[in-house]
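Have a look at the structure below, then the notes.
FYI, it's all coordinate maths here, none of it is from the lab. This is a predicted model, so every value here is computed, not measured. Counting neighbours? That spans all protein chains shown, and the Cβs are built from the backbone with ideal geometry, glycine included.
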Amino acid sequence: MPEAVEKVTLQLTVNGKLHSLSVEPRVLLVELLREILDLTGTHVGCDTTYCGACTVLMNGAAVKSCTMFAVQAEGAEVLTVEGLEKDGELHPIQKAFGDSYGLQCGYCTPGLMISTLQLLSKNRKPNEKEMRKAIAGNTCRCTGYQNIFKAIQLAAKNMNGA
Amino acid sequence: MLSQLGDEAKVLAGGQSLIPLMKLRFANPSHLVDLNFISGTSYIKEENNALRFGALTRHAEIEASPIAAKIPILHDCAAGIADVQVRNRGTIGGSLAEADPSGDWATVLITLPTEVRCLGRTGERSLPLSDFIKDAYTTTLAHDELVREVVLKVPPKGGGGAYLAFKRSAPVYPTASAAVQLTMEGDICKDAAIALGCVGLTAIRPKEAEAALRGQRITDKTKSAAMEAARIAADPQTDMRGSADYKRTLAAALVKRAIDIAIRRAAGQQVEVSHIYA
């Protein structure tokens, strides 16, 4: 049995809301999000830094939340899939994934949408190569990548039009 | 602090290798000291014909850096490591200090004159990268010593290099990789540095392959000689990524491709390369 570990205080902003918590230092960021904050949209696919289902934005950069300790997000702004919609309206990326059938089982989708957000926040007109590179760290085990590319293109188009 | 915590303590940089290793219980440090909150450890500077990288400079920062882009082999490496998410966290200092035989940075950086500046309790020391990495997962760092900075000389005029890695998919380590840095004078190769990654306990410098190019006009014949020498110098193990023979052949083929790109870059051409996926 591991000995009881002293908890560490932690302040971070998740989807615009400031949280002050006390967590064991071994808790992973994804565990904090899912099990403590009940934000279960962020998934754990492989738990080995491979699949990207756990991708969230931390201070604007896509990271694998299974490969960071929660305490490392001290002072950070974290965005999860739950933070994409605004005032009950789906984000253009969410709409595009739906409209393009850019998902099958949906397990990888939250991570893919966050990776898409990082891509489109820097590059509003990605070509195919740039899209491939941007989502290379997100595994869709249903192998439905073609519609995911369509979704990214549609999201880019809609975000440019907005 | 590290000397107080004892030698079971570890430092945490980007964590993209250490955290997965801890989850698999391959690493079980008594304490983790997170370096990420120390300011001034992430930078890219150009001074006196040298580039200086703070130890905690992320791969993504190097990928986006116009300074690093002046040495194309650095961009090849930074832009190809794993995937976007890992590049946003992983660091150049962490990669060298971990000394994974499949890591990308060590393979690239030993083809350039690279010094590793280390900081310990008794002060600083600087040593060539080739002396810093001793063996697989083994460096000369003392347990209470840190990598502070990575310093490399800008290649001379006529310099051109390329780094190619062959991978099964983005997030995994390459099956084999090759870094080639040439100094050309017209069509004569004045100097050549070659390194093979993932095919030995550390990155391998195939000296015979370098000698096959040095002082020569690079023709199909010299390239074949370099390939053959690289094939012999590689010392891979058969594993789930491929058989030893396959990896030897692959490493040699990557050397040839990298030579071709290095020559074009030395001539001032813009050649974009990316890691090759199976």
Debye log10 I(q)/I(0) at q = 0.12, 0.16 Å⁻¹ for the range B:2-153, Cα point scatterers: -0.46, -0.85
Rounded to two decimals, what ratio of Rg to Rh does chain B give with C-alpha atoms and a Kirkwood Rh? 0.97
In whole Hz, what ³J(HN,Hα) sequence does the range B:86-98 give by Karplus (6.51, -1.76, 1.60; θ = phi - 60°), x for Gly and Pro? 5, 5, 6, 10, x, 10, 5, x, x, 4, 5, 5, 6
Roughly how many whole Å is it from the C-alpha centroid of the range B:56-118 to that of the range B:1-38? 20 Å
Given chain A, what whole percent of its Cα pairs are spread farther than 29 Å? 19 percent
Between the range A:85-128 and the range B:195-219, what's the alpha-carbon centroid distance in Å? 45 Å
Give the Rg (one decimal place) followed by the Dmax (whole number) of the range A:8-83, computed from C-alpha coordinates and expressed in Å. 11.0, 30
List the longest stretch of chain B that has no exposed loop site; here a site is one of the GluC sites (Glu not before Pro) assigned by DSSP to anything other than H, G, I, E or B, with at most 16 other Cβ within 10 Å. B:9-271
Enclosed volume per residue, in Å³, of the convex hull spanned by Cα atoms of the range B:115-218: 131 Å³
Would you please name the trypsin sites (Lys or Arg not before Pro) within the range B:34-89 that are DSSP coil residues with at most 14 other C-beta atoms within 10 Å of their C-beta? B:Lys70
Mean Kyte-Doolittle hydropathy of 0.5 or higher plus an axial Cα length of 15 Å or more: which whole DSSP H helices in chain A meet both? A:109-122
Just add up the charged neighbours of A:Thr13: K/R +1, D/E -1, any other residue whose Cβ is under 15 Å from the Cβ of A:Thr13. -2
Computed, not fitted: 222 nm per-residue ellipticity of the protein assembly as shown from DSSP H runs ≥ 4 (each -39500 (n - 2.57)), nearest 500, equal to -9000 deg cm²/dmol
Can you give the Rg to Rh ratio for the range B:159-277, taking only C-alpha atoms and Rh from Kirkwood? 0.97
Please give me the summed charge of the neighbours of A:Ala134: other residues whose Cβ is under 12 Å from its Cβ, Lys and Arg +1, Asp and Glu -1. +2
Exposure-ranked with fewest Cβ neighbours within 10 Å first, A:Asp38, B:Asp144, B:Asp235 stand as A:Asp38, B:Asp235, B:Asp144
Arrange the following residues from fewest to most other Cβ atoms within 10 Å of their Cβ: A:Thr9, A:Thr109. A:Thr9, A:Thr109
Cβ-based net charge around A:Asn123, under 12 Å, with every Lys or Arg adding one and every Asp or Glu removing one: +4
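Which order, highest average first, do B:162-168, B:256-262 follow once you tally other Cβ atoms within 10 Å for each residue and take the mean per peptide?
Highest mean packing first, the order is B:162-168, B:256-262.
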Using a Gaussian network for chain B with springs between C-alpha atoms less than 10 Å apart, which of these wobbles most: B:Val108, B:Val33, B:Val11? B:Val33
Gaussian network model of chain A, Cα within-10 Å springs - most flexible of A:Leu18, A:Leu57, A:Leu39: A:Leu18
In square nanometres and to one decimal, what's the mean projected area of the convex hull around the Cα atoms of the protein assembly as shown? 22.4 nm²
Debye intensity ratio in log₁₀ form over the Cα atoms of the range B:218-267, taken at each q of 0.17, 0.32 Å⁻¹: -0.53, -1.13
Across chain A, where is the longest run that never hits GluC sites (Glu not before Pro) in a DSSP loop with at most 16 other C-beta atoms within 10 Å? A:86-162
